[in-house]
Amino acid sequence: MAIEITLDMMLVKRKLSSREVAQAIGLSETNLSLFKSGKVKGVRFQSLDALCKVLDCQPGDILRYVPDDEGA
């Protein structure tokens, strides 16, 4: 996949646990964990908005585009 999720780094930078963030945005810890691991096919803008508010960041701070290797 060409989108890398860097949510773990933002949690460390903000010194917040997954549990704290999940509770703050009204998402289950399981769903947040699935998002962090990249095992989701999409994310709602509402959830992304809530994450950015809680983490005081931009979407680009937790999502990153990484081009697929063309020969792989």
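Would you confirm whether or not the range 23-34 contains a residue that is in contact with a helix residue (DSSP H, G or I) (Cβ under 8 Å, 6 or more places away or on another chain), within 14 Å of residue 7 (Cβ to Cβ) and loosely packed, with under 11 Cβ neighbours inside 10 Å?
The answer is no, given that none of the residues of the range 23-34 is in contact with a helix residue (DSSP H, G or I) (Cβ under 8 Å, 6 or more places away or on another chain), within 14 Å of residue 7 (Cβ to Cβ) and loosely packed, with under 11 Cβ neighbours inside 10 Å.
Step by step: first the residues of the range 1-56, then only those that are within 10 Å of the chain's Cα centre (by Cα) and not in a helix (DSSP H, G or I), then the one that is nearest to residue 67 (Cα to Cα). Which residue is that?
4
Residue 41 passes all but one of (1) loosely packed, with under 13 Cβ neighbours inside 10 Å; (2) in contact (Cβ under 8 Å) with a residue 12 or more places away in the chain; which number fails?
Checking residue 41 against (1) loosely packed, with under 13 Cβ neighbours inside 10 Å; (2) in contact (Cβ under 8 Å) with a residue 12 or more places away in the chain, the one that fails is (2).
From the residues in the range 57-72 that are at pLDDT below 95, assigned to a loop (DSSP other than H, G, I, E, B) and not β-branched (Val, Ile, Thr), which one is most open to solvent (accessible area, probe 1.4 Å)?
70
The values are calculated or read from the model by the stated rules, or taken from the named source; none is laboratory data. Keep in mind the model is a prediction, meaning the values are calculated, not measured. Positions of Cβ are generated from backbone atoms using ideal geometry, with glycine treated the same way; all protein chains shown enter the neighbour counts. Remember, those area values only see protein heavy atoms, side chains included, never the ligands or the DNA or RNA. Shrake-Rupley method; radii C 1.70, N 1.55, O 1.52, S 1.80 Å.
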